[in-house]
Amino acid sequence: MASQDIVRHDAGSRSSFLNDPKIRGLIYQTVLFVLLVAFVYWIVGNTIENLRRANIASGFGFLNNRAGFDISQSMIEYSSDSRYSRALVVGLLNTLLVAVTGIVTASIMGFLIGVGRLANNWLIRKICMVYVEIFRNIPPLLVIFFWYFGVISVLPAPRDSVQLPLSSFLNNRGFFLPKAVWGEGAWLILVGLVVAIAMVWFVVHRARKRQEATGQQFPVLWTSAGLIVGLPLLAFALAGFPLTFEIPTKSTFNLVGGFQIKPEFLALYLALSFYTAAFIAEIVRAGILGVSKGQSEASFALGLRSRQALRLVIVPQAMRIVIPPLTSQYLNLTKNSSLAIAIGFPDLVAVGGTILNQTGQSIEIVAIWMVIYLGISLLTSLFMNWFNAKMALVER
Amino acid sequence: MNKTVKVVLGVAALGFAASTASAATLDDVKAKGFVQCGVNTALAGFSAPDDKGDWKGLDVDLCRAVAAAVFGDATKVKFTPTNAKERFTALQSGEIDLLSRNTTWTLSRDTSLGFNFAGVNYYDGQGFMINAKKLPGVNSALQLSGASVCVQSGTTTELNLADYFKANNLEYNPVVFEKLEEVNAAYDAGRCDAYTTDQSGLYSIRLTLAAPDDHIVLPEIISKEPLGPAVRQGDDQWFDIVKWSLYAMVLAEEYGITQANVDEMKNSPNPDIKRILGTEADSKLGTDLGLSNDWVVNIIKAVGNYGESFERNVGQGSPLKIARGLNALWTKGGLQYAMPIR
Ligand SMILES: N[C@@H](CCC(=O)N[C@@H](CS)C(=O)NCC(=O)O)C(=O)O
């Protein structure tokens, strides 16, 4: 101890402040920072210089020009007369559409399969295992091709569409459903729904209060379901059933009318869901296995039935293990959606790529891509972190 | 995806490249010993590797012609296959010295993309192809209302398509892919009713379909597609070399100079031919261009004149059997007209 003190003291007095680890750290960081700034400065300067020399136009002004190309599926009004900026919004919305629907489906599938891998039934367990091993080990692009070229492309042509129940049709141009056309007074149904939701909220609140006070339970689930279905239905009847259906019909080339889901979307959505579900299943399985056995034994000892034990004890604890890795799966799914380009689904990358090519503004478009994907990822993480905090153990 | 990565890399190259990309391309080319030429990935007749892996086609011949002009050796060329989307970044970033890939000469490509087009080696127009077996009775593009149309993204084709249907008040459903193989596969699988691109491309693509004879090309031509080689702006010497290599091939056809008779022609008394072949006494025409005086001889020995290259790759000597049409010499009612070498 003593000798150490002496050495230290000695070094401190003899040599400079450079040997102070704190100051040294600061110096290193400053140097690195300056180098980084110089590097970025050089890159940007060089890029601008090269662009200028090569006479390539730059800046974001091109976003206001007429796009000139059509997009096959769009959630907002769009035509070839729209601007490039609007085309990008169309692409972004398509990316979000496939990401959100994919995440919901993958979560549900992944949860069921993950639980299935722990089922008591041998067959279910094996089926789930085979599913996970297959989809986890195939690159997502191949899964997309499988759905697009392997499944949807081999469906019959529109003329010989497969007729499904409820006047829906399936062919190699997609999935066609009757479209609901709401008539006059349909707003009453919406009112019914809003009222029902408000009542459900009230019922849930009261039921919890009552259980806490008296220990008596109230059949919340059934009452809520009844309200949510019943009230809008009542409103629908009161308004005189203002609903007709537009049924897809055959024309020269294709089915027209009705609600159409394009094969490109279908293939991408199915592929991303199936692929990501395999990973989510493993995460769910790990989560459930991560809850110690004592927890379920204790809940059985308290007299909970196995379903109740799962819902009230196991799953809430498993969630804490599940949510963080789930977040990265959601981010992966969103980023994998950019593989859309391989099958011609007009997502952000596909539309951006077309614009890049028409205008030659590669740097600007690549920057837009990066900023948007970063934004989507950060928002997803933010939401999941919030959710995680909410689900985290609250000690009483 | 990998294409997107390429584009990103191209963009990065713009940032990192020492600021020399647009300096003397000829010196760069001579220093590295070969011409790096951007061509199509696989469009039979224009540029596609044959079964031995040798690149063949009208656009490829132009690359070889430039190599022959620069080095006197047509093998000193390397090919970079590019799809519709990558091609421009590849040229802008300096990855290739020359883009010879059925690329339409348009104003925006000439200006905001920063290119110069060195002439037109194929006058084309956009057309439609349909499966006549599946769609009997359709014999005009105007009957395509409501059809799904397969098209490649990043092409002029995509824009003309939108304009044509709009102008004729027809509805359609674009099905857009990035890669040629994907468009072909989707069309062949019946995802679309029609396929649209340059007519020459349609003929070439038809050969790759499962049952080529079932498909017909509709008569309408909906656009002008002058296809030609492009170089970066800012290097006039290189621009001139590419431009005059193409003109030399066309002029050779006009004066009857062929791969077979070029050596014999060197003794021709015709002053035009003497100038073209650099046999005129004290000729400076080749050296003024930065080349040797026998540059045209080298080109013609390597790839033949324009007509020979045309017939061999896309004309009667090829499976495509495309007629000269607009691409006949101006003296034969076509549009191929080369500026005089003098
Ligand atoms: N001439 C048009 C179209 C050229 C083009 O890319 N055509 C397609 C279809 S023929 C092609 O060659 N694709 C081959 C590929 O991308 O690999 C243009 O310059 O935009």
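Per-residue answers, yes or no, for (1) away from the ligand (no atom under 16 Å from the Cβ); (2) open to solvent by less than 40 Å² (accessible area, probe 1.4 Å); (3) not in a strand (DSSP E or B):
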position	(1), (2), (3)
B:176	no, yes, no
B:195	no, yes, no
B:208	no, no, yes
B:213	yes, no, yes
B:226	no, yes, no
B:238	yes, yes, yes
B:243	yes, no, yes
B:251	yes, yes, yes
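Selection of first residues in the range B:169-192 that are under 19 Å from residue A:171 (Cα atoms) and at the interface with chain A (Cβ under 9 Å from one of its Cβ atoms) and of second residues that are near the ligand (Cβ under 9 Å from one of its atoms) and open to solvent by 20 Å² or more (accessible area, probe 1.4 Å), restricted to Cβ pairs under 6 Å at least 6 apart or on distinct chains, gives the following pairs, ordered by first then second residue: B:183/B:152.
With respect to (1) at negative phi; (2) surrounded by fewer than 21 Cβ atoms within 10 Å (Cβ to Cβ), the lone exception for residue B:147 is condition (2). Go through the residues of the range B:155-164 one by one and say whether even a single one is open to solvent by 10 Å² or more (accessible area, probe 1.4 Å), closer than 21 Å to residue B:133 by Cα and not assigned by TED's automatic domain parsing to the domain that holds residue B:272. No, every residue in the range B:155-164 fails to be open to solvent by 10 Å² or more (accessible area, probe 1.4 Å), closer than 21 Å to residue B:133 by Cα and not assigned by TED's automatic domain parsing to the domain that holds residue B:272. Would the range B:226-243 turn up any residue that is within 30 Å of residue A:53 (Cβ to Cβ), of a type in the set (Gly, Ala, Ser) and within 14 Å of chain A (Cβ to nearest Cβ)? For the range B:226-243, residues within 30 Å of residue A:53 (Cβ to Cβ), of a type in the set (Gly, Ala, Ser) and within 14 Å of chain A (Cβ to nearest Cβ): present.
Considering only residues in the range B:95-126 that are within 12 Å of chain A (Cβ to nearest Cβ) and either free of Cβ contacts under 8 Å to residues at least 12 places away in the same chain or more than 13 Å from the ligand (Cβ to nearest atom) (or both), the one that is least open to solvent (accessible area, probe 1.4 Å) turns out to be B:114.
For first residues located in the range A:44-65 and at the interface with chain B (Cβ under 9 Å from one of its Cβ atoms), partners that are among the hydroxyl-bearing types (Ser, Thr, Tyr) and lie 6+ apart or on another chain with Cβ distances below 6 Å form the pairs A:49/B:19; A:50/B:19; A:51/A:58; A:53/B:22; A:54/B:22; A:57/B:112; A:62/A:359. Using the structure shown, decide if residue B:131 is within 16 Å of the ligand (Cβ to nearest atom), on the phi < 0 side of the Ramachandran plot, in contact (Cβ under 8 Å) with a residue 60 or more places away in the chain and open to solvent by 20 Å² or more (accessible area, probe 1.4 Å). No: the conditions fail for residue B:131.
Those helices (runs of 4 or more DSSP H) of the range A:304-396 in which 1 or more residues are among the acidic types (Asp, Glu), in contact (Cβ under 8 Å) with a residue 12 or more places away in the chain and buried (at least 20 other Cβ atoms within 10 Å of the Cβ) occupy A:362-391. Can residue A:319 be described as more than 14 Å from chain B (Cβ to nearest Cβ) and touching a Pro at 6+ places or on another chain (Cβ under 8 Å)? No. Kindly provide the set of residues from the range A:138-151 that are more than 8 Å from chain B (Cβ to nearest Cβ), under 23 Å from the mean Cα position of the chain (by Cα) and of a type in the set (A, V, I, L, M, F, W, C), ordered by number. Answer for the range A:138-151, where residues must be more than 8 Å from chain B (Cβ to nearest Cβ), under 23 Å from the mean Cα position of the chain (by Cα) and of a type in the set (A, V, I, L, M, F, W, C): A:138, A:142, A:143, A:144, A:145, A:146, A:147. Among the residues making up the range B:62-94, a single one is among the acidic types (Asp, Glu) and more than 16 Å from the ligand (Cβ to nearest atom): B:73.
The values are calculated or read from the model by the stated rules, or taken from the named source; none is laboratory data. What you see is a predicted model, and the numbers here were worked out from it, not measured in a lab. Please note: Cβ atoms are built from the backbone with ideal geometry, for glycine as well, and neighbour counts cover all protein chains shown. Just so you know, the surface numbers come from the protein's heavy atoms only, side chains and all, with ligands and any DNA or RNA stripped out. Shrake-Rupley method; radii C 1.70, N 1.55, O 1.52, S 1.80 Å.
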